[in-house]
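The values are calculated or read from the model by the stated rules, or taken from the named source; none is laboratory data. What you see is a predicted model; the values in this text were computed from it and never measured. All Cβ positions, glycine included, derive from the backbone under ideal geometry; neighbour counts span all protein chains shown.
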Amino acid sequence: MPMTLYEKLNAIPFLRKKYASKFLFVAFLGIHIPLIGVSLFLLFGNQELQPMMILVVTLVLTLLATLITLLVLKKLIKPIELASSALVNYRNNRIIPNLPTQFQDETGLLLANIQSSIADYEAYINDKQDLIYLLSHDLRGFAANAQGLSTLILDENPSEIIAEYAHLITDSTNQQLAFIETLITLIRDEDEISKKEYFANQIDFNDVLSKVSGQLAAKLISKNCTLEYATQLPTALIHIDEDLLVRVLINLTDNAIKFSFPDSVIKINMIQDSKNILIQVTDAGLGFKSQDLEHLFDKFTSKSRLGTNNEASTGIGLYLCKKIIEKYKGHIYAESSGVHKGSTFSV
């Protein structure tokens with residue numbers, strides 16, 4: 001976004017350090033254009049000018065000066081528009097800007113502070129992720145060592161009580177390793193989501209639904225569940241990355257399978273009205289209480305529970321769904337008539 005006028009005004013020494021001075025300078029010139037014009041008209045024009053002619057000339061010059069002043073002032077706010085655009089792009093698409101930092105007035109300081117703050121925040125995020133990955137790697141090593149020792153103990157045909165303790169160690173380390181893997185997955189997924197750009201994409205919903213059913217085929221077979229889906233629209237131009245949409249539907253459908261009873265039917269419906277696209281994943285499984293709804297999409301929610309076949313929950317699937325949908329300015333919500341009455345998740 002060009003800032004030519006702002007840069008030229010910054011070259012004038014007495015305007016360099018105050019943004020307001022630039023506005024006042026432009027306004028001062030704009031106010032005096034009609035006066036200068038009328039003066040020149042009277043000086044070099046016909047000596048027998050009529051009052052009406054002078055009035056018309058004055059009005060025309062005033063309107064022209066006002067228009068020119070407004071256009072110049074609009075160009076003068078380009079640095080603020082640039083700052084706003086940089087923040088929006090970073091927030092929505094995590095695009096790191098390259099803002100000018102050499103100007104000395106209030107707007108220049110704003111641009112420099114935004115650039116510095118984003119750079120510092122990026123460094124903080126990267127340092128935090130590196131630290132967590134390092135700690136997770138070390139913790140995984142400690143847990144694996146303990147698990148290896150318990151396996152060695154079991155291989156030596158120990159007494160019953162020692163074998164019981166060894167099995168407890170194995171179970172405990174399995175839980176620790178699973179939690180570490182969940183934490184690493186969460187960090188990686190959050191980072192991937194934040195880096196996806198906010199663009200409209202032509203989505204082929206039949207292809208999306210085919211990917212969802214394909215990736216969940218084994219889980220559907222294991223419970224003898226049936227996945228039914230219907231869509232009113234084969235394709236649509238929407239603001240979401242297709243891979244992330246597939247991930248959302250896989251998480252929601254996987255959640256439905258987990259909490260459905262064997263031989264159940266799970267439905268995915270896609271509906272379009274004049275403005276929005278509604279995607280619903282419905283099951284007839286365990287459902288949930290109305291008071292649980294508030295924390296259903298929380299990270300590592302305490303409302304996580306076992307599935308109908310004792311499948312474990314990580315506590316991050318619905319949280320990531322919410323994060324993805326809200327990144328693309330959408331909404332996600334859940335409904336249930338109560339325990340054992342199924343549920344519907346809508347996007």
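See the values below:
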| quantity | calculated |
| --- | --- |
| Residue under evaluation Gln104, criteria (1) within 27 Å of Leu9 (Cα to Cα); (2) not assigned by TED's automatic domain parsing to the domain that holds Ile77, criterion not met | (2) |
| Matching residues, the stretch 273-305, being touching a strand residue (DSSP E or B) at 6+ places or on another chain (Cβ under 7 Å) and either polar (S, T, N, Q) or free of Cβ contacts under 8 Å to residues at least 24 places away in the same chain (or both) | Gln280, Thr282 |
| The stretch 174-226: number of residues that are modelled with pLDDT of 75 or more and among the acidic types (Asp, Glu) | 2 |
| Among residues of the stretch 213-253, those that are within 15 Å of Thr282 (Cα to Cα) and not in a helix (DSSP H, G or I), counted | 7 |
| Single unsatisfied condition, Phe25 versus (1) at pLDDT 85 or above; (2) surrounded by 15 or more Cβ atoms within 10 Å (Cβ to Cβ); (3) farther than 30 Å from Lys327 by Cα; (4) touching a Phe, Trp or Tyr at 6+ places or on another chain (Cβ under 7 Å) | (4) |
| Residues (closer than 13 Å to Met3 by Cβ and either more than 23 Å from the chain's Cα centre (by Cα) or surrounded by fewer than 16 Cβ atoms within 10 Å (Cβ to Cβ) (or both)) located in the stretch 73-96 | Lys74, Lys75, Leu76, Ile77, Lys78, Pro79, Ile80, Glu81, Ser85 |
| Residue tally, condition in a loop (DSSP other than H, G, I, E, B) and free of Cβ contacts under 8 Å to residues at least 12 places away in the same chain, over the stretch 306-347 | 2 |
| Test: Ile95 is under 30 Å from Ile240 (Cβ atoms), at pLDDT below 85 and part of a loop (DSSP other than H, G, I, E, B) | yes |
| Selection count where residues are part of a helix (DSSP H, G or I) and surrounded by fewer than 21 Cβ atoms within 10 Å (Cβ to Cβ), scope the stretch 254-299 | 7 |
| Count - residues of the stretch 48-71 that are crowded, with 16+ Cβ neighbours inside 10 Å and not small (Gly, Ala, Ser) | 4 |
| Residue within the stretch 174-188 that is among the hydroxyl-bearing types (Ser, Thr, Tyr), outside the structural domain of Val248 (by TED's automatic domain parsing) and closer than 30 Å to Asp130 by Cα present | yes |
| Residue within the stretch 104-116 that is touching a residue at least 12 places away in the same chain (Cβ under 8 Å) and touching a Lys or Arg at 6+ places or on another chain (Cβ under 6 Å) present | yes |
| Verdict on Ser210 being farther than 21 Å from Ala334 by Cα, of a type in the set (Ser, Thr, Tyr), in a loop (DSSP other than H, G, I, E, B) and assigned by TED's automatic domain parsing to the domain that holds Cys321 | no |
| Residue list for the stretch 100-119, filter: in a loop (DSSP other than H, G, I, E, B) and buried (at least 18 other Cβ atoms within 10 Å of the Cβ) | Phe103, Asp105 |
